[in-house]
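Trainee: Next up is a structure, given as structure tokens.
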Amino acid sequence: MNVQTSKTQTELTREEAAEALARLRAWAQSASVTEIAELDPAVARLLPDQPLANYPDLSRQYPEDFEATPEYRATLPDLQNGPESLIKGEKQQIQHVGISNFRLPIRFHTRDNGDISLETSVTGTVSLEADKKGINMSRIMRSFYKHAEKTFSFSVMEAALADYITDLESFDARLQMRFSYPMKIKSLRSGLEGYQYYDIALEKVQHGETTHKIMHLDYVYSSTCPCSLELSEHARMSRGQLATPHSQRSVARISVEIVDRPRVWFEDLIDLARAAVPTETQVMVKREDEQAFAELNAANPIFVEDAARLFCEKLKADPRIGDFRVIASHQESLHSHDAVSVLTDGPLFASESIDPKLFTTLFHVG
């Protein structure tokens, strides 16, 4: 049989609570540290004049004047760089560990001998041997900052890589910088000019004694379907029916290994892409430019397979470029899906597997 106790019977009055507190304090005055800890360490708060070792009286004020001396820093725990015994999971080598989207302004050289400062997103990683717990992430940023004030180039990236390979005792490392590069582009006929922004990334990979320098470019263009163009012309000619071929904004991600001098400038790779597929999307247009763009698309209809091979043709003809990869996505206006292609030349970019989200990253958001 359960006996229900009424709420009024279980509630203490203020006087009863004060009496219970006094009794608890009296007991705590003569109890040992162990006895208090076994009951509840919070009981120590009831004895402000007698702080106990197991429950110290901690300051709640930020110490503005505290200085972290070298001696003090030497006492700080460092679990990330702790012993092998702290490793969780399988003791296996990790190929990439580091930081992503660390942003800072970086100065770059331009082809016309100028300099430009751009907000840059940095990804830096190193390999981690199987018997090491982890790395000190801040060392990657410190190594990078040491060189970031210089006008940037692949040689400065190389210096930053060398620093944190040494600092982190790693056998290989990778550094990538992503930024949006502005370039003034003329309209097709009106003479107007506007800035086109190109998503570019520079990558430096150090694996043992082997070094790779890589440049990535997202090139945005219009693709007119050759089949749709022919069918539209057939409707005009055979039935006098007005019809328009379907075109769509398309993106090619061109990744190239830089192997020799003279230097491949950002502008060089952009010019190469435009020479391969001239229907680049426009910045500033008047009516005559819009008409010219329609004529340019009609003169260069391409399937996604054509685009990949046209880029390939120009890349293979440039002796400054080694291995390369072209990923093209034609974001169809006819279909509810996209048309895509991947073309690689050389072993550097060869891969049997495709990232499940690879093509979704090629959307140009303007």
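Trainee: Using the C-alpha gyration tensor of the range 208-366, what are the square roots of 5 times its eigenvalues, in whole angstrom, with the largest one first?
Mentor: Taking √(5λ) for each eigenvalue gives 32, 18, 13 Å, largest first.
Trainee: About the Cα centre of the chain, what is the dipole size in debye to 20, counting +1 per Lys and Arg Cβ and -1 per Asp and Glu Cβ, all else neutral?
Mentor: Computed charge dipole of the chain: roughly 860 debye.
Trainee: With an 8 Å cut-off on Cα pairs and a minimum separation of 6 or more residues, tell me the relative contact order of the chain in percent.
Mentor: Rounded, it is 11 percent for the chain.
Trainee: Something else about it: Residue-wise, which Karplus ³J(HN,Hα) couplings in Hz belong to the range 102-108, taking 6.51 cos²θ - 1.76 cosθ + 1.60, θ = phi - 60°, and x for glycine or proline?
Mentor: 7, 10, 6, x, 10, 8, 10
Trainee: I've got another one for you. Considering Cα pairs under 8 angstrom that are at least six residues apart, work out the relative contact order of the range 106-224 and quote it in whole percent.
Mentor: Taking the mean separation of contacting Cα pairs over the length of the range 106-224, I get 23 percent.
Trainee: Please say if the range 303-353 is rounded, prolate or oblate, where rounded means a/c under 1.5 for a ≥ b ≥ c the square roots of the C-alpha gyration tensor eigenvalues, and otherwise the choice is prolate for a/b larger than b/c and oblate otherwise?
Mentor: oblate
Trainee: Which value, in debye to the nearest 20, gives the size of the charge dipole of the range 115-218 about its Cα centre, when Lys and Arg are +1 and Asp and Glu are -1 at the Cβ?
Mentor: In debye, rounded to 20, the range 115-218 gives about 340.
Trainee: Can you figure out the FRET efficiency of residue 119 with residue 166, using R₀ = 30 Å and their beta-carbon distance, to the nearest 0.05?
Mentor: The value I calculate is 0.60.
Trainee: Rounded to whole Hz and in sequence order, give me ³J(HN,Hα) for the range 197-210 from the Karplus expression 6.51 cos²θ - 1.76 cosθ + 1.60, θ = phi - 60°, writing x for Gly and Pro.
Mentor: Taking θ as phi minus 60°, the curve returns 10, 10, 6, 10, 9, 10, 9, 10, 10, 10, 10, x, 8, 9 Hz for the range 197-210.
Trainee: Angle check, please: helix 226-239 long axis (alpha carbons) against the longest principal axis of the chain (alpha carbons), in degrees 0 to 90, nearest 10.
Mentor: Approximately 50 degrees, to the nearest 10.
Trainee: Could you work out [θ]222 nm for the chain from helices alone, using -39500 (n - 2.57) per DSSP H run of at least four and dividing by all its residues? Round to the nearest 500 deg cm²/dmol.
Mentor: -9000 deg cm²/dmol
Trainee: Mind checking the log10 I(q)/I(0) for the range 75-189 at q = 0.11, 0.13 Å⁻¹? Debye, one equal scatterer per Cα, no solvent, two decimals.
Mentor: After summing over all Cα pairs, the log10 values are -0.46, -0.59.
Trainee: On to the next question. What accessible area per residue comes out for the range 162-211, rounded to a whole number of Å², with a 1.4 Å probe?
Mentor: Dividing the accessible area of the range 162-211 by its residue count gives 51 Å².
Trainee: Okay, moving on. If I fit a long axis through the Cα atoms of helix 304-316 and take the longest principal axis of the Cα atoms of the chain, what angle between them do I get, 0 to 90°, rounded to 10?
Mentor: Once rounded, the angle reads 90 degrees.
Trainee: In degrees from 0 to 90, rounded to the nearest 10, what is the angle of the helix 266-276 Cα long axis to the longest principal axis of the chain?
Mentor: The answer is roughly 50 degrees.
Trainee: Trypsin sites (Lys or Arg not before Pro), restricted to the range 163-267: which are DSSP loop and have at most 13 other Cβ atoms within 10 Å?
Mentor: 263
Trainee: If only Cα atoms are counted, what is the Rg of the chain, and what is its Dmax, in Å?
Mentor: When restricted to Cα atoms, the chain yields Rg and Dmax of 32.8, 108 Å.
Trainee: With point charges of +1 on the Cβ of Lys and Arg and -1 on the Cβ of Asp and Glu, referenced to the Cα centre of the range 274-366, which listed residue (349, 299, 359) lies farthest in the positive direction of the dipole?
Mentor: 349
Trainee: Among the listed pairs 132/213; 184/286; 133/357; 88/132, give every one whose C-alpha distance is greater than 22 Å.
Mentor: 132/213; 133/357, as the Cα separations exceed 22 Å there.
Trainee: Relative contact order for the range 267-366: what is it in percent, counting Cα pairs under 8 Å that are at least 6 residues apart?
Mentor: Relative contact order of the range 267-366: 22 percent.
Trainee: Here's a follow-up. Under unit Cβ charges (Lys, Arg +1; Asp, Glu -1), what dipole magnitude, rounded to 20 debye, does the range 215-337 have relative to its Cα centre?
Mentor: In total the dipole reaches around 80 debye.
Trainee: Take the solvent-accessible surface of the protein heavy atoms, probe 1.4 Å, and return the percent of it on the chain that carbon and sulfur atoms account for.
Mentor: Here carbon and sulfur together make up 51 percent of the probe-accessible area.
The values are calculated or read from the model by the stated rules, or taken from the named source; none is laboratory data. Since this is a predicted model, take the numbers as computed values, not measurements. No Cβ is skipped: glycine too gets one built from the backbone with ideal geometry, and neighbour counts run over all protein chains shown. For the accessible areas, the whole protein counts, side chains as well, though only heavy atoms, and no ligand, DNA or RNA atoms are used. Shrake-Rupley method; radii C 1.70, N 1.55, O 1.52, S 1.80 Å.
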